[in-house]
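Below: one structure, written as structure tokens.
The values are calculated or read from the model by the stated rules, or taken from the named source; none is laboratory data. All values reported here derive from a predicted model rather than from experimental measurement. Note: ideal-geometry Cβ built from the backbone for every residue, glycine included; neighbour counts use all protein chains shown. Surface areas here come from the heavy atoms of the whole protein model, side chains and all, with no ligands, DNA or RNA. Shrake-Rupley method; radii C 1.70, N 1.55, O 1.52, S 1.80 Å.
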Amino acid sequence: MELTCLRVPPLGTNCYFIVSGTSLAIVDPGGAADALIQVISEKALTPSAIWLTHGHFDHADAAGKLKAHFGIPIYIHRLDAPMLENAETSHAAKFGLPYNGCEADVLFEEGDTLSVGNETFTVLHTPGHTPGSACFLSGNTLISGDTLFRRSIGKFDRENKDMMKESIRRLLLMDENIRVYPGHEGETTIGEERRGNPFANMDWEWV
Ligand SMILES: [Zn+2]
Ligand SMILES: [Zn+2]
């Protein structure tokens with residue numbers, strides 16, 4: 001498996017290409033439809049699906065255009081599917097940014113498997129940042145969306161504190177050798193975050 005990160009507008013989201021043979025799964029295309037279409041054609045890859053870690057505009061904006069261009073399905077957790085609809089639901093309006101709505105084709109749940117070529121990822125439902133936030137795990141590779149970052153975690157509303165705490169706890173209890181590929185900024189490992197993430201052992205009462 002080859003995992004490539006492309007930083008995409010408008011908020012510097014990490015879009016990941018998971019390549020197996022010539023098959024490609026596009027994770028979180030952000031707002032870079034035309035640029036991604038060009039890279040995919042230059043590399044002569046055959047996209048098979050778009051997998052979204054959650055429904056925020058900075059991860060999902062290009063999904064509709066890629067779906068139409070390549071005729072491929074959009075996958076997302078059931079609880080975040082309604083966020084894809086428009087600028088309000090995807091939170092683009094909060095930033096005063098345009099958003100291209102789209103419709104999900106496949107709704108996944110905790111424990112479902114997603115395949116590309118010979119590779120299989122398992123869906124971990126890690127709510128908190130959004131209700132349907134998900135991570136994708138394959139062997140020692142974890143795509144963590146906006147749930148776990150290098151030395152930080154995703155934003156969450158006060159009422160979702162317990163969910164977020166449980167999701168972070170769950171991830172940090174996994175094998176320390178797992179490499180983590182977050183939705184923003186650089187990569188890390190579970191072990192590094194268990195030891196160095198300021199949210200790993202803190203008292204969350206202040207939230
Ligand atoms: Zn987000
Ligand atoms: Zn994000």
Scanning segment 132-156 residue by residue, those part of a loop (DSSP other than H, G, I, E, B) and within 12 Å of ligand 1 (Cβ to nearest atom) turn out to be G132, S133, D146, T147, G154, K155, F156
Report task. Confirm whether V39 is at pLDDT 95 or above, open to solvent by 30 Å² or more (accessible area, probe 1.4 Å) and not acidic (D, E). Result -> yes
Would you call F121 more than 16 Å from ligand 2 (Cβ to nearest atom), part of a strand (DSSP E or B) and either touching a residue at least 24 places away in the same chain (Cβ under 8 Å) or closer than 18 Å to C15 by Cα (or both)?
-> yes
Checked pairs for segment 135-153, first free of Cβ contacts under 8 Å to residues at least 24 places away in the same chain, second of a type outside the set (S, T, Y), C-beta under 7 Å and 6 or more apart or across chains, list as none
When N118 is run through (1) within 22 Å of D34 (Cβ to Cβ); (2) touching a strand residue (DSSP E or B) at 6+ places or on another chain (Cβ under 9 Å); (3) of a type in the set (S, T, N, Q), the failure sits at (1)
Considering segment 1-36, residues that are open to solvent by 30 Å² or more (accessible area, probe 1.4 Å) and among the aliphatic types (A, V, I, L, M), and then whichever is farthest from G117 (Cα to Cα), we arrive at L11
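Please go through segment 173-190 and pick out each residue that is at pLDDT 95 or above and either away from ligand 2 (no atom under 16 Å from the Cβ) or among the hydroxyl-bearing types (S, T, Y) (or both). Give the steps one after another, and end with the answer.
To start, the set of residues in segment 173-190 that are at pLDDT 95 or above comprises 174-190.
Listed by number, the residues that qualify are M174, D175, E176, N177, I178, R179, Y181, T188, T189, I190.
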H59 meets each of (1) open to solvent by less than 70 Å² (accessible area, probe 1.4 Å); (2) within 15 Å of ligand 1 (Cβ to nearest atom); (3) not in a helix (DSSP H, G or I) with one exception, condition (3)
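Would you check if N14 is over 18 Å from the mean Cα position of the chain (by Cα) and modelled with pLDDT of 95 or more?
Numbers: over 18 Å from the mean Cα position of the chain (by Cα): no; modelled with pLDDT of 95 or more: yes.
Taking the combined requirement at face value, the residue does not satisfy it.
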